[in-house]
Amino acid sequence: MSLPEFAKVYSEAMGHSEEQLQDLMLVRRLFCAQMGQPARDREALLNKLLSVNCVDVNVLMYANGRLAQLTHLTTQLRNQAAAEFQMYLQLAAAFYRGIHTSRQLAAAMVHAYPHTPSYHLLERLAKERGKPSMEQLAADTSVDGLQHAANWEQIETYLQKITMNNMHEYVPMSEITQ
């Protein structure tokens with residue numbers, strides 16, 4: 001089955017409401033925009049790491065200083081990776097436990113087999129709805145870090161609304177304002 005055929009069958013099986021589709025697009029937009037800055041920061045750190053790691057015979061006597069720099073840069077990379085993973089876990093919780101019902105998740109497993117639903121389906125949905133690509137959202141530098149943090153706080157607030165009593169139901173993102 002081709003990806004377009006699979007996407008159509010999968011979409012029909014999921015039976016998303018328009019409100020769920022809007023929430024999926026919102027969570028996608030917030031996540032991609034939030035991940036853009038860490039990706040740029042990671043690239044800058046990797047470039048610094050490469051420049052520090054260049055070996056020059058004349059600077060071998062400064063090995064201790066280079067080791068300290070390398071240790072500092074790798075610690076920054078590790079901390080950043082942990083923060084990115086935390087954001088991914090929050091995205092997954094919103095996606096799987098807030099926006100989708102348990103019935104929809106079961107349908108996804110059954111209808112996707114032997115494939116695994118992935119971000120490709122979400123990207124296809126975004127394209128159909130005329131939304132920017134993940135790359136475009138991540139590359140947007142018009143929003144500063146404080147605004148990204150405030151935007152991501154919407155997800156954190158939303159996750160607090162998901163409880164044991166409603167985790168099998170669709171929890172609309174609009175509930176974060178209530």
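Some points to look at:
- Leading residue by the ranking (surrounded by the most Cβ atoms within 10 Å (Cβ to Cβ)) among those in region 1-27 that are at pLDDT 90 or above and of a type in the set (S, T, N, Q): GLN20
- Number of residues in region 30-88 that are of a type in the set (Val, Ile, Thr) and either at pLDDT 85 or above or on the phi > 0 side of the Ramachandran plot (or both): the value is 3.
- Conditions (1) within 19 Å of the chain's Cα centre (by Cα); (2) more than 24 Å from SER2 (Cα to Cα): number failed by ILE176: (1)
- Residue ranges of helices (runs of 4 or more DSSP H) in region 95-178 with at least 3 members open to solvent by 80 Å² or more (accessible area, probe 1.4 Å) and free of Cβ contacts under 8 Å to residues at least 24 places away in the same chain: 119-128, 145-161
- Restricting region 146-175 to residues that are of a type in the set (S, T, N, Q) and under 20 Å from HIS16 (Cα atoms), the residue that is modelled with the lowest pLDDT: SER174
The values are calculated or read from the model by the stated rules, or taken from the named source; none is laboratory data. Note that the structure is predicted; figures quoted are calculated from it, not measured. Every residue, glycine as well, gets a Cβ built from its backbone with ideal geometry; the counts of neighbours run over all protein chains shown. Calculation scope for accessible area: heavy atoms of the full protein, side chains included, ligands and nucleic acids excluded. Shrake-Rupley method; radii C 1.70, N 1.55, O 1.52, S 1.80 Å.
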